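Written below as structure tokens is the structure these notes are about.
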């Protein structure tokens, strides 16, 4: 399977902001991946090569990426750095300089997904003396064989900044759409699920609470924090809390977070006050509870537009029957544009089945979110 097939999906998914469209695009690709590729390659859609529960990161810094682009395309580092300051996206820089080196691209073989995935895993795991040199060679091997757009996404993956707006929940929805057709299940029974794989994640209680909290934030803010894509403040907050939970469980902390407990707790307290995490998440939890109750009372409604203004304490919920799906999407787009940038305001369009799916996936949803906030408050209290 060629890496260009992943790139086509990256481009298609990043061209839309609508989650339903992203889900449909990914679902079609996952069917192809199931036939032609390897199951673990799915992590490339999140800009990773390991599952979410594995804290390992590819770990290429912006400066090392600049060196790699310079080395691969024969461009002075100063020129690459200068362009980066102007453009602000190393992926676009790789695309630009790759295009200038047409001779290199024309003479190279097609880049495979197998090669990219393998090299990325090696880059992530290599440590010790001479590691930087080996990593540079592995990166150059990919970039010299890549087309312009392939180079763009290889570099973005290396620095954990894929920028396509895909999170784990979106990918799960795509898997369901691709392989778990409810109508076929009802008619044919279990045979449609033969040969499909199920990933089992083993987490401690605190790890589970943390993961649920991340998915709540992803759901309401349309970020992809689990894939390291989203607002820096939220990503930093969850990294800090992850380290605090790790200290409680006497496990390794997240690299780059304070080793000193007092400093770590203080930073968490500061970030919480800045983001108003407790206040906002309590509002979201209430909103989901209201949505769940209303979706049961009005079974004829297939879509719900949820508008939550945490700052003013207001919740607006509108239901739409199946035939008004386009109207629901139109109202969602208008509400999003009207309140874009407004602090504490979130708008989400969800299907009626989301209530059932939430209950299946997170039977203790309200308890889990409450417990996360309880443990967060304990950390904050230690910083006082």
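The values are calculated or read from the model by the stated rules, or taken from the named source; none is laboratory data. Worth saying up front: this structure is predicted, and the values here are computed from it rather than measured. No Cβ is skipped: glycine too gets one built from the backbone with ideal geometry, and neighbour counts run over all protein chains shown.
Some points to look at:
- For segment 251-258, the criterion of being without any contact (Cβ under 8 Å) to a residue 40 or more places away in the chain, touching a helix residue (DSSP H, G or I) at 6+ places or on another chain (Cβ under 9 Å) and part of a helix (DSSP H, G or I) is satisfied by no residue at all.
- So residue 75, is it in a loop (DSSP other than H, G, I, E, B) and within 23 Å of residue 89 (Cα to Cα): yes
- Qualifying residue in segment 182-196 (condition: assigned to a helix (DSSP H, G or I), surrounded by 19 or more Cβ atoms within 10 Å (Cβ to Cβ) and modelled with pLDDT under 90): no
- For segment 20-36, the set of residues classified as touching a helix residue (DSSP H, G or I) at 6+ places or on another chain (Cβ under 6 Å) and either farther than 23 Å from residue 219 by Cβ or modelled with pLDDT under 90 (or both) consists of 31 only.
- Boolean, residue 164 is modelled with pLDDT under 85 and either in contact with a helix residue (DSSP H, G or I) (Cβ under 9 Å, 6 or more places away or on another chain) or outside any helix (DSSP H, G or I) (or both): no
- Residue within segment 98-121 that is within 23 Å of the chain's Cα centre (by Cα) and modelled with pLDDT under 90 present: yes
- Residues considered: 335, 292. Of these, the only one that is in a helix (DSSP H, G or I) and in contact (Cβ under 8 Å) with a residue 40 or more places away in the chain is 292.
- Some residue of segment 259-274 being assigned to a loop (DSSP other than H, G, I, E, B) and either under 22 Å from residue 167 (Cβ atoms) or under 21 Å from the mean Cα position of the chain (by Cα) (or both): no
- Residues located in segment 276-290, provided they are more than 15 Å from residue 309 (Cβ to Cβ), at pLDDT below 80 and surrounded by fewer than 21 Cβ atoms within 10 Å (Cβ to Cβ): 285, 289
- The residues of segment 6-37 that are more than 21 Å from residue 224 (Cβ to Cβ), part of a helix (DSSP H, G or I) and touching a residue at least 12 places away in the same chain (Cβ under 8 Å), listed by number, are 31, 32, 34, 36.
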